[in-house]
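Notes follow once the structure below has been shown.
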Amino acid sequence: MHYATDVTQLIGNTPLLYLRQLSERTGCRILGKAEFLNPGGSVKDRTALGIIRAAETSGELRPGGRIVEGTAGNTGIGLTLLANALGYKSSVVMPISQSKEKIDTLELLGADLHLVPAASYNEQGHYIHTSRRLAEKYANSEPGGAIWAGQFDNPANMAIHRDTTGEEIWTQTGGKVDGFICAVGTGGTLAGVSTALKAHNDRIVIGIADPLGASLYSYFSNGRVEPSTGSSIVEGIGINHITGNVAKAKVDTAFSISDEEALPYLFDLLQHEGLCLGGSTAINMAGAVRLAEQLGPDHTIVTILCDYGNRYQSKLFNPVFLQNKGLPVPSWLEI
Ligand code: PMP
């Protein structure tokens, strides 16, 4: 008899999916790691688990304690599920600009949710700084104490991706992987997977797919962090400062990807391959095509299928929203 004994055991060990249209288009074998299958519905469940386990090991997180985090939503969903399962409390600080569906999900899960106005990273009102102050407040006022998850700089984030996501990709491809590419929110996925793959084979080419106008494309192309000018509608990725996790990423090549370029891949995936995924997956798919074009045919490239599309239905799959942004509208949603 085989069964998981708690929800933490449902995290990770996700399959690789052959992406047919991207592969046929490029002559490469393009594979997506099905992170949307994690119990919280995204790649960020791994980060949440890695941060909690590290804080338990260090003794910082005590039984019944609180985990506080600033998040675009998915890490908050993972942390809240795990806090519920493991006997902790959770508080989530999130910019109000994020999708209604993620806000609804966090409320559904019973998160202590704090929505804050959008602010730039160098302002004190930015959601990351707000969450750090909230963690300090709880740490001093609650008997169980509180920790700040700090996913952007916390090395436990990249470590879990190195030890699980990256090692899984190596094993699942039998070591026959030529390239890996993904977008960056905290950099945990890119730093962890690139570290694991390069340790096995330094010739594996690592790419970053950055949404148009975000700052990491310039950082990895010419070493300068140019101010963000982005207006991408994609949530959870596209940053304008170098996080502790980004600093550990081993990147060979960078691509800047517009929403106009990326979204058609997402719509085609839904219509012809039966999968409805979120916007960061679109950027990743476009990045995989660009990397395939750079490497040439007959290579195996892996990317991340980050989360489900219904988490963004009111934006990504809303014809009025897309039309107002001047973005392509999927044929079956045309008005
Ligand atoms: N896609 C989605 C939907 C996300 O929420 C995030 C994290 N914010 C990412 C991709 C990026 O992952 P990472 O934080 O590991 O860079």
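The values are calculated or read from the model by the stated rules, or taken from the named source; none is laboratory data. Just so you know, these numbers come straight off a predicted model, no measurement behind them. Counting neighbours? That spans all protein chains shown, and the Cβs are built from the backbone with ideal geometry, glycine included.
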message: I'd like to check something: does the range 233-240 contain any residue that is touching a residue at least 12 places away in the same chain (Cβ under 8 Å), more than 13 Å from the chain's Cα centre (by Cα) and crowded, with 23+ Cβ neighbours inside 10 Å?
response: no
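Inside the range 55-109, can you point out the residues that are of a type in the set (Asp, Glu), over 20 Å from Gly279 (Cα atoms) and either away from the ligand (no atom under 16 Å from the Cβ) or free of Cβ contacts under 8 Å to residues at least 12 places away in the same chain (or both)?
First, pick out the residues of the range 55-109 that are of a type in the set (Asp, Glu): 56, 60, 69, 101, 104, 107.
Filter once more, keeping what is over 20 Å from Gly279 (Cα atoms): 56, 60, 69, 107.
Residues satisfying the conditions are Glu56, Glu60, Glu107.
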Within the range 220-232, tally of residues that are in contact (Cβ under 8 Å) with a residue 24 or more places away in the chain and not in a loop (DSSP other than H, G, I, E, B): 2
- prompt: When you scan the range 112-204 for strands (runs of 3 or more DSSP E) that lie fully inside it, which ones turn up with 3 or more residues that are touching a residue at least 40 places away in the same chain (Cβ under 8 Å)?
  reply: 146-148, 179-182
query: Has the range 290-309 got any residue that is touching a Leu at 6+ places or on another chain (Cβ under 6 Å), in contact (Cβ under 8 Å) with a residue 60 or more places away in the chain and closer than 19 Å to Leu212 by Cβ?
result: no
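Could you list, in sequence order, all residues of the range 301-317 that are away from the ligand (no atom under 13 Å from the Cβ) and within 28 Å of Ile206 (Cα to Cα)?
Here is the first cut: in the range 301-317, the residues away from the ligand (no atom under 13 Å from the Cβ) are 301-302, 313-314, 317.
Passing the criteria: Ile301, Val302.
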task: Could you list all residues from the range 55-71 that are closer than 29 Å to Pro117 by Cβ and acidic (Asp, Glu)?
output: Glu69
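Rundown of residues vs (1) within 9 Å of the ligand (Cβ to nearest atom); (2) on the phi < 0 side of the Ramachandran plot; (3) surrounded by fewer than 23 Cβ atoms within 10 Å (Cβ to Cβ), yes/no style:
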site: Asn157; (1), (2), (3): yes, yes, no
site: His161; (1), (2), (3): yes, yes, no
site: Glu168; (1), (2), (3): no, yes, yes
site: Gly175; (1), (2), (3): no, no, yes
site: Val184; (1), (2), (3): yes, yes, no
site: Leu190; (1), (2), (3): yes, yes, no
site: Thr195; (1), (2), (3): no, yes, yes
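What are the residues in the range 319-330 that are over 18 Å from Asp268 (Cβ atoms) and in contact with a helix residue (DSSP H, G or I) (Cβ under 9 Å, 6 or more places away or on another chain), if any? Write out each step before concluding.
Of all residues in the range 319-330, those over 18 Å from Asp268 (Cβ atoms) come to 320-321, 323-326.
Correct list: Lys325, Gly326.
Tell me yes or no: at least one residue of the range 223-246 is under 19 Å from Leu295 (Cα atoms), of a type outside the set (A, V, I, L, M, F, W, C) and in contact with a helix residue (DSSP H, G or I) (Cβ under 8 Å, 6 or more places away or on another chain).
At the first step, the residues of the range 223-246 found to be under 19 Å from Leu295 (Cα atoms) are none.
The answer is no, given that none of the residues of the range 223-246 is under 19 Å from Leu295 (Cα atoms), of a type outside the set (A, V, I, L, M, F, W, C) and in contact with a helix residue (DSSP H, G or I) (Cβ under 8 Å, 6 or more places away or on another chain).
One line per residue, one yes/no per condition, for (1) at pLDDT 95 or above; (2) within 29 Å of Thr26 (Cα to Cα):
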| position | (1), (2) |
| --- | --- |
| His299 | yes, yes |
| Phe317 | yes, yes |
| Phe321 | yes, no |
| Trp332 | no, yes |
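Mind checking which helices (runs of 4 or more DSSP H) fall wholly inside the range 9-88 and carry at least 2 residues that are buried (at least 23 other Cβ atoms within 10 Å of the Cβ) and under 18 Å from the mean Cα position of the chain (by Cα)? Outline the logic, then answer.
Numbers: elements: 20-26, 44-58, 74-86.
Of the helices (runs of 4 or more DSSP H) lying wholly inside the range 9-88, those with at least 2 residues that are buried (at least 23 other Cβ atoms within 10 Å of the Cβ) and under 18 Å from the mean Cα position of the chain (by Cα) span 44-58, 74-86.
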field: the range 239-285: number of residues that are within 14 Å of the ligand (Cβ to nearest atom), modelled with pLDDT of 95 or more and not in a strand (DSSP E or B)
entry: 20
